[in-house]
Amino acid sequence: MCNKENDFDWDAYEKAVKEHPLYPAEQCYRHIEEVMESDIIRLYDSIDHFLFQDIDYTRIISNMPMWVANAGIGPELNCTKDWYEKLRNKETHPIFGRFVYHYDLWGKVAAMQDRLSAVIMFMKQFYSIVPCRAKYNVDEYTSISRCGGMRETEAHMLLNSIFVAYASVFDILSKIAVEQFEFAEYDFSRYRKMKSADVIYKKSLRNIDSSLKATGMLFSDPPVIRKIETFRNEFVHNGPWDLRCSIYTTTVNEEPADIIIYSPDMDELGNFISSGSRNKFYSQGNRINLQLPDLINEATAVLRNTINQISNLYQIGITQSVNNEYTEECMMAIEQYSASLKKIIIA
């Protein structure tokens, strides 16, 4: 009797997978998806367990007014700013502020997931136009020509969108890191705004845990993170690095060879090499469509380390167990609040 599992040539299969033209890009997609499906879900759980360690979360959340989760966040609740503020002014207990904060923080984590999904989407569209691996070495090319047009412009716009979406994750994760560090400073009876509201990513952030500045973390400012920031900042503040949005086609002995998008020279820290007003030098022969998968994979590893460490910090802060008396106090406050709202609506 034939054992199909044992007869299957796994070595040949793995070889075929690795030789597939899209293999490097597919690795990126899987890596990012793992972060979204595993590490970010763990972060959600760590935040919830930390924020609500002293109450029966299930009982409280099932009775919390709908506006706490939806007003001013999305279209699920048709609520004006003035009505929202009236609802907030009727609060009688800090549990309301804590839940408002909870949804504010959840919104940041969800935004991070959204940006990572966008990175995958943009990469897939980008690699439907250009390849992510080369067939030949540079010294084998016998001719090269520049192509420009709508398709080429689309490829450049998608490429820059990848950097914009990924760099946005750094800003959002910076906010979450600040929230973890500053949590003890909140008085939820007066909560109105997150302490990280104006925070953006920078290596000099002081109000984060020092462990997030260790090697391999986002706030150690590794060169791969600086590269993505450099591409994003150039595109957002100055425009695309190639104003012609060119793609280059190569040949080897008059036969079609590789398709290339070149990117500017960079120093070892991840900054464009510049001289005065000029920062678009191309002596390094950087082929960004071929280098991008490694760059994104390396950045995703840094991101993953940082997310997991923030999760660990939240978990370390879990030092209490459910307090039934305090849970009852919160339930009573919600009931009284709901009763007061009914009087307003009737009036």
The number of residues in the range 42-73 that are outside any helix (DSSP H, G or I) and either open to solvent by less than 70 Å² (accessible area, probe 1.4 Å) or at pLDDT 95 or above (or both) is 8
Taking the stated definitions as given, is ARG232 in contact (Cβ under 8 Å) with a residue 60 or more places away in the chain, open to solvent by 30 Å² or more (accessible area, probe 1.4 Å) and among the basic types (Lys, Arg)? yes
Exactly one of SER128, SER145, SER189 is among the polar types (S, T, N, Q), touching a residue at least 24 places away in the same chain (Cβ under 8 Å), open to solvent by 60 Å² or more (accessible area, probe 1.4 Å) and not in a helix (DSSP H, G or I), and that one is SER189
Based on this model, can you work out whether SER174 counts as among the polar types (S, T, N, Q) and crowded, with 21+ Cβ neighbours inside 10 Å? yes
| message | Just checking, does the range 74-84 include any residue being over 31 Å from the mean Cα position of the chain (by Cα), among the charged types (D, E, K, R) and assigned to a helix (DSSP H, G or I)? | response | yes
By residue number, the members of the range 149-159 that are surrounded by fewer than 20 Cβ atoms within 10 Å (Cβ to Cβ) and either in contact with a Lys or Arg (Cβ under 8 Å, 6 or more places away or on another chain) or among the aliphatic types (A, V, I, L, M) (or both) are MET150, MET157, LEU158
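Take the residues of the range 324-338 that are in contact with a His (Cβ under 9 Å, 6 or more places away or on another chain) and touching a residue at least 40 places away in the same chain (Cβ under 8 Å): which is surrounded by the fewest Cβ atoms within 10 Å (Cβ to Cβ)? I'd like the intermediate steps shown before the answer.
Going residue by residue through the range 324-338, those that are in contact with a His (Cβ under 9 Å, 6 or more places away or on another chain) are 329-330, 332-334, 336-337.
Imposing the further condition that a residue be touching a residue at least 40 places away in the same chain (Cβ under 8 Å) reduces the set to 329-330, 333-334, 336-337.
Numbers: GLU329: 14, CYS330: 24, ALA333: 17, ILE334: 21, GLN336: 12, TYR337: 19.
Looking at the filtered set, the residue picked out is GLN336.
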Here the residues within the range 221-268 that are in a loop (DSSP other than H, G, I, E, B), within 22 Å of ASN297 (Cα to Cα) and touching a helix residue (DSSP H, G or I) at 6+ places or on another chain (Cβ under 7 Å) are PRO222, ILE261, GLU268
**Asked** Does GLY317 satisfy the criteria of being in contact (Cβ under 8 Å) with a residue 24 or more places away in the chain, open to solvent by 20 Å² or more (accessible area, probe 1.4 Å) and on the phi > 0 side of the Ramachandran plot?
**Response** no
Going through (1) within 25 Å of the chain's Cα centre (by Cα); (2) over 27 Å from TYR29 (Cβ atoms) one by one, MET112 fails only at (2)
ASP187: passes all of (1) farther than 26 Å from ASP294 by Cβ; (2) under 26 Å from the mean Cα position of the chain (by Cα); (3) of a type in the set (Asp, Glu) but (2)
Conditions (1) within 16 Å of GLU229 (Cα to Cα); (2) in a helix (DSSP H, G or I); (3) out of contact with any Gly (no Cβ under 9 Å at 6 or more places or on another chain) -> VAL302 fails only (3)
Of the residues in the range 337-347, those that are modelled with pLDDT of 80 or more and more than 16 Å from PHE99 (Cβ to Cβ) number 2
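The values are calculated or read from the model by the stated rules, or taken from the named source; none is laboratory data. If you're wondering where the values come from, they're calculated on a predicted model, not measured in any experiment. Neighbour counts run over all protein chains shown; Cβ positions are idealised from the backbone, glycine included. Only protein heavy atoms, including side chains, enter the accessible area calculation; ligands, DNA and RNA are left aside. Shrake-Rupley method; radii C 1.70, N 1.55, O 1.52, S 1.80 Å.
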